[in-house]
Amino acid sequence: MDCLMFRERPNRDGTLCALHGFLGDDTALEAVVGEVEPMFARVERVVLPGHAREPWRDEWTFDAVVARLIERRSAVDPAVIVGYSMGARLALAMILRAPERFSGAVLVGVDPGIEDAPLRESRCAWERSMADALLRDGTAAFAERWAAMDIFATQRGLPEAVRCALDARRSQHDPRGVAWAMRALGTGSMPSQWSALGALAVPTVVVTGALDTKFTAIAGKMAEASARVTRRVVEGVGHDVTLEAPESVVDALRWVIARSHVDASE
């Protein structure tokens with residue numbers, strides 16, 4: 001179901017699993033993954049279903065995708081997982097459902113879901129309308145519309161080469177695949193994870209940009225709900241900290257790696 005790009009480093013320990021966001025691919029988190037890759041024996045750059053050349057099935061739900069991603073993880077070799085936005089929501093569900101398969105997590109711009117039923121239905125309706133627009137207009141036009149959203153306003157100040165690479169990555173996808181992902185893996189479609197946060201069993205850092213006030217507030221509520229959650233707010237950046245301040249995500253990963261070693265020895 002998902003494409004796993006492996007690199008073996010036999011003199012190192014453990015596995016890193018990286019999950020990109022909506023309209024991303026296996027290169028989307030490279031500014032982060034490339035920095036910590038030497039610390040791991042194995043790196044899994046996951047391409048999520050519906051993205052790049054990865055297949056999807058109309059009947060797959062958010063929970064079904066979570067289950068399939070977990071199936072690929074070894075219980076003998078617990079992984080550190082890092083995810084951004086859509087990838088972070090999937091990663092959160094994975095560590096809650098199968099904590100024995102993970103030693104720690106860094107979640108960037110994560111939302112555990114929507115508890116209020118009318119708000120959830122409103123979000124679902126918006127996601128359906130966006131998916132319809134994607135199928136009608138094509139991926140390139142949709143990607144331009146996506147980039148113009150307020151949540152990505154801070155990305156307009158990035159270097160031109162970075163923005164061009166981001167635009168190319170967003171525009172490459174089959175519109176049918178990413179429309180399916182918008183409907184099946186969107187915040188409105190995912191089951192709320194809020195009530196399960198108290199049972200979170202692995203050290204987890206939730207990273208947000210200070211200019212992304214919505215997700216920074218969500219991170220604060222997550223820290224209140226679980227003693228396992230550590231917040232990191234990065235000044236001067238917005239939603240995609242992996243893109244705007246990757247060194248901050250690298251620092252969070254290094255902390256999780258150290259913390260997971262401490263937990264394993266206790």
(message) What are the pairs with Cβ atoms under 6 angstrom where one residue, in region 194-220, is more than 28 Å from Pro78 (Cβ to Cβ) and the other, located anywhere, is of a type in the set (Gly, Ala, Ser) and outside any helix (DSSP H, G or I)? Sequence gap at least six, or different chains.
(response) Gly209/Gly238; Leu211/Gly238; Asp212/Gly238
(message) Of the conditions (1) in a loop (DSSP other than H, G, I, E, B); (2) without any contact (Cβ under 8 Å) to a residue 60 or more places away in the chain; (3) under 16 Å from the mean Cα position of the chain (by Cα), Ala227 satisfies every one except a single condition; which number is it?
(response) (3)
(request) Taking Val178 as meeting all but one of (1) farther than 24 Å from Arg57 by Cβ; (2) under 17 Å from the mean Cα position of the chain (by Cα); (3) not aromatic (Phe, Trp, Tyr), write down the number of the exception. (result) (1)
(request) Being in a strand (DSSP E or B), touching a Gly at 6+ places or on another chain (Cβ under 8 Å) and of a type outside the set (Ser, Thr, Tyr) is the filter; apply it to region 206-218 and report the residue that is surrounded by the most Cβ atoms within 10 Å (Cβ to Cβ). (result) Val207
(request) Pull up region 37-71, narrow it to residues that are out of contact with any Gly (no Cβ under 9 Å at 6 or more places or on another chain) and crowded, with 22+ Cβ neighbours inside 10 Å, then point me to the one that is farthest from Trp180 (Cα to Cα). (result) Val43
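Can you pull out every residue in region 170-204 that is charged (D, E, K, R) and in a helix (DSSP H, G or I)? Spell out how you get there, then give the answer.
Step one: of region 170-204, the residues charged (D, E, K, R) are 170, 174, 176, 183.
Correct list: Arg170, Arg176, Arg183.
Residue-by-condition table, conditions (1) surrounded by 23 or more Cβ atoms within 10 Å (Cβ to Cβ); (2) farther than 18 Å from Thr27 by Cβ:
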residue: Val162; (1), (2): no, no
residue: Val178; (1), (2): yes, no
residue: Leu197; (1), (2): no, yes
residue: Glu224; (1), (2): no, yes
residue: Val249; (1), (2): yes, no
(request) Give region 45-55 a look and list any residue that's at pLDDT 95 or above and either part of a loop (DSSP other than H, G, I, E, B) or more than 23 Å from Glu144 (Cα to Cα) (or both), or say none. (result) Arg45, Val46, Leu48, Pro49, Gly50, His51
(request) Could you check Asp77 against (1) assigned to a helix (DSSP H, G or I); (2) at pLDDT below 95; (3) among the acidic types (Asp, Glu) and say which number it fails? (result) (1)
(request) Go over the candidates Leu92, Leu107 one by one and state the one that is surrounded by 18 or more Cβ atoms within 10 Å (Cβ to Cβ), in contact with a Pro (Cβ under 7 Å, 6 or more places away or on another chain) and in contact (Cβ under 8 Å) with a residue 24 or more places away in the chain. (result) Leu92
(request) From (1) of a type in the set (Gly, Ala, Ser); (2) in contact with a Phe, Trp or Tyr (Cβ under 9 Å, 6 or more places away or on another chain); (3) more than 24 Å from Pro112 (Cβ to Cβ), pick out the condition that doesn't hold for Ala31. (result) (2)
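The values are calculated or read from the model by the stated rules, or taken from the named source; none is laboratory data. Because the structure is predicted, anything quoted here is derived from the model rather than measured. With ideal geometry, Cβ positions are generated from the backbone for all residues, glycine too; neighbour counts draw on all protein chains shown.
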